[in-house]
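Read through the structure below, which is laid out as structure tokens, and then see the notes.
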Amino acid sequence: MEETRRERKKRQTKQLLVSTAYRLFSEQGYERTTVAQITSEADVATKTFFNYFPSKEDVLFSDAEHYYETALEVLAERAPDEGVPELLLRTYDRVIARYLADGPLAGDRERMEVYGNLIMSVPAVQAKALHVLFDLQSKIAGAFVKAFPDELDPISAAAALGALLGAVQAATRTCGELHGHSEEEYLKAGRRAVEIAMRGLGAL
């Protein structure tokens with residue numbers, strides 16, 4: 001669908017807030033950066049910031065909502081013979097493709113470095129990351145239960161999503177500790193984690 005002028009303006013404002021926040025986090029550190037500074041640098045009202053983000057931590061996870069939308073897209077396209085593991089794999093691949101196409105970190109080494117350092121060192125960011133991950137798992141698991149009512153119960157769906165996303169999270173975190181915040185290394189680590197998790201998910 002064609003983007004309206006209003007939608008384009010909202011997207012551009014959100015992108016401006018994200019890019020400004022990352023720049024300030026890089027220049028002066030996360031703790032020293034305030035919402036007031038971000039909005040001042042972006043030349044928007046503080047109220048505008050909170051129209052897009054509930055808190056400063058949420059700026060770092062501005063694309064999380066798209067992952068759930070992506071899962072719904074994949075489920076809507078489900079072929080009659082596709083099972084849970086195949087759809088989970090397609091969901092992961094679609095998310096990565098979307099991230100590489102227009103994600104806030106894609107191809108930006110400096111932002112990736114900032115994000116990786118904050119995830120590793122700032123408790124508030126770590127807590128938000130876990131909250132975002134758990135919320136995402138819960139929503140996607142619920143969507144899979146609806147799509148496979150005769151094959152999946154809520155516990156099995158939660159276990160399947162936890163196995164996949166938990167494996168990716170653990171692998172990419174360890175990758176960051178070992179190899180730094182290289183997008184290429186993160187993607188390789190994530191793919192290896194998915195391959196390992198898929199062997200277990202084959203039991204479904």
Problem set entry | Matching option when the condition is touching a Leu at 6+ places or on another chain (Cβ under 6 Å), over 17 Å from Gly190 (Cα atoms) and open to solvent by 30 Å² or more (accessible area, probe 1.4 Å), among Val145, Val125 | Val145
Problem set entry | Selection within the range 173-204 - under 18 Å from Ala160 (Cβ atoms), among the hydrophobic types (A, V, I, L, M, F, W, C) and within 17 Å of the chain's Cα centre (by Cα) | Ala193, Val194
Exercise. From Glu177, Glu151, Glu184, which residue is out of contact with any helix residue (DSSP H, G or I) (no Cβ under 6 Å at 6 or more places or on another chain), touching a residue at least 60 places away in the same chain (Cβ under 8 Å) and open to solvent by 60 Å² or more (accessible area, probe 1.4 Å)?
Worked result: Glu151
For this session: All but one of (1) within 29 Å of Thr20 (Cα to Cα); (2) surrounded by 15 or more Cβ atoms within 10 Å (Cβ to Cβ); (3) at pLDDT below 90 hold for Val132, so report the exception by its number.
Result: (3)
Problem set entry | Residues of the range 80-94 satisfying the condition of being in a loop (DSSP other than H, G, I, E, B) and open to solvent by less than 30 Å² (accessible area, probe 1.4 Å) | Gly83
Exercise. Which residues, counting only those in the range 43-57, are part of a helix (DSSP H, G or I) and surrounded by fewer than 19 Cβ atoms within 10 Å (Cβ to Cβ)?
Worked result: Thr46, Lys47, Thr48, Phe50, Asn51, Tyr52
For this session: Identify all residues within the range 169-204 that are of a type in the set (D, E, K, R) and over 20 Å from Leu136 (Cβ atoms); write none if there are none.
Result: Glu177, Glu183, Glu184, Glu185, Lys188, Arg192, Glu195, Arg199
For this session: Could you list all residues from the range 30-42 that are in a helix (DSSP H, G or I) and of a type outside the set (A, V, I, L, M)?
Result: Gln37, Thr39, Ser40, Glu41
For this session: Looking only at the range 58-71, decide whether some residue is open to solvent by 30 Å² or more (accessible area, probe 1.4 Å), among the charged types (D, E, K, R) and within 16 Å of the chain's Cα centre (by Cα).
Result: yes
Exercise. Of all residues in the range 154-173, which are touching a residue at least 40 places away in the same chain (Cβ under 8 Å) and either out of contact with any helix residue (DSSP H, G or I) (no Cβ under 8 Å at 6 or more places or on another chain) or farther than 20 Å from Met198 by Cα (or both)?
Worked result: Ser156
Problem set entry | Selection status of Leu130, part of a helix (DSSP H, G or I), within 17 Å of the chain's Cα centre (by Cα) and among the aliphatic types (A, V, I, L, M) | yes
Problem set entry | Sole residue being open to solvent by less than 50 Å² (accessible area, probe 1.4 Å), hydrophobic (A, V, I, L, M, F, W, C) and assigned to a helix (DSSP H, G or I), chosen from Ala170, Ala106, Ala97, Ala163 | Ala163
Exercise. Can you find even one residue in the range 8-24 that is loosely packed, with under 15 Cβ neighbours inside 10 Å and either of a type in the set (Asp, Glu) or touching a strand residue (DSSP E or B) at 6+ places or on another chain (Cβ under 9 Å) (or both)?
Worked result: no
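The values are calculated or read from the model by the stated rules, or taken from the named source; none is laboratory data. As the structure is a computational prediction, the values presented were derived from the model and not from experiment. With ideal geometry, Cβ positions are generated from the backbone for all residues, glycine too; neighbour counts draw on all protein chains shown. We work out accessible area using only protein heavy atoms, side chains counted, and drop any ligands, DNA or RNA first. Shrake-Rupley method; radii C 1.70, N 1.55, O 1.52, S 1.80 Å.
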